[in-house]
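Undergrad: Can you read through this structure? Questions will come right after.
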């Protein structure tokens, strides 16, 4: 039968950030996506080179400048590749 273990893999990494900046802390979080964006990420079509994160007044975390290329077979369901996306983090 199938393997029931959940596997996680790294989708995107910004190696240049570790070279250009001193990274004091790092966090793991989820991201709110639409269907065609999930398929593009699985295909490895993502860039976070110029992305940055902002915490707003309601303690919500948003990522700006993250590029998820449109899915080739997504036609009208594709969203803007550079749209602002919400990050899902634990309060602690």
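Undergrad: Which of (1) in a loop (DSSP other than H, G, I, E, B); (2) surrounded by 12 or more Cβ atoms within 10 Å (Cβ to Cβ) does residue 37 not meet, given it meets every other one?
TA: For residue 37, the exception is condition (1).
Undergrad: Restricting to region 45-92, name every residue that is farther than 18 Å from residue 17 by Cβ, part of a loop (DSSP other than H, G, I, E, B) and touching a strand residue (DSSP E or B) at 6+ places or on another chain (Cβ under 8 Å).
TA: 45, 56, 60, 69, 81, 82, 84, 89
Undergrad: Only residues in region 1-26 that are at pLDDT 85 or above count as the first member; pair them with residues that are surrounded by 10 or more Cβ atoms within 10 Å (Cβ to Cβ), Cβ under 9 angstrom, at least 6 apart or cross-chain, and list the lot.
TA: What qualifies is 23/17.
Undergrad: Can I ask one more? Scan (1) surrounded by 12 or more Cβ atoms within 10 Å (Cβ to Cβ); (2) free of Cβ contacts under 8 Å to residues at least 40 places away in the same chain; (3) closer than 16 Å to residue 12 by Cβ for the single condition residue 87 breaks and write down its number.
TA: (2)
The values are calculated or read from the model by the stated rules, or taken from the named source; none is laboratory data. None of these values were measured; they are calculated from a predicted model. Backbone-built Cβ (ideal geometry, glycine too); neighbour counts: all protein chains shown.
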